[in-house]
1. Determine the sum of side-chain charges near D20: Lys and Arg each +1, Asp and Glu each -1, restricted to other residues whose C-beta is under 13 angstrom from that of D20.
2. Do you know the relative contact order of region 61-125, to the nearest whole percent, from alpha carbon pairs under 8 angstrom that are 6+ apart?
3. Relative contact order for the chain: what percent, with Cα pairs under 8 Å and sequence separation of 6 or more?
4. Given the chain, report the % of alpha carbon pairs whose separation exceeds 25 Å.
Amino acid sequence: MAGLQTAGRDLDAVLFNPDDPIARPRPLASWPGQVWRQYHFTQRHLGPYVISLSCVFEPVGPETIEIVEIDYTLIRVDEICTNARRQITNAYWVDIRTGIVWKSEQWLGPKIGQISVEVIRPYAG
């Protein structure tokens, strides 16, 4: 029964600005100063639950990361997202020229926490 305590609190969707550079890559120099995110959850027996956050990007500096034995020198950008009740930080490792995010550490909700994602090959669709 312990597993049922967190059941139904999974992330359903994240809504974002139409020009969000995480969803639509563009050079880092043209990233907006602020974006918003809406995290949508379904809680069992309680219905939908939405967490809305205002986010700003803060470049941290260059870092070299390895993905499948290939080194990439990228810029780490922290995204600090806040509302009246919480503050979360997402981290992105970005190609400064293209804006492609090769690695990220992203918050998925209060019960799930952070995940790490590495891109082996950028989406070309």
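1. +1
2. Rounded, it is 22 percent for region 61-125.
3. 20
4. Summing the P(r) of the chain above 25 Å gives 30 percent of all pairs.
Every number in this text was worked out from the coordinates using simple rules, so none of it is lab data. Model, not experiment: these values are computed from the prediction. Note that each Cβ is placed from the backbone with ideal geometry, even for glycine, and that neighbours are counted across all protein chains shown.
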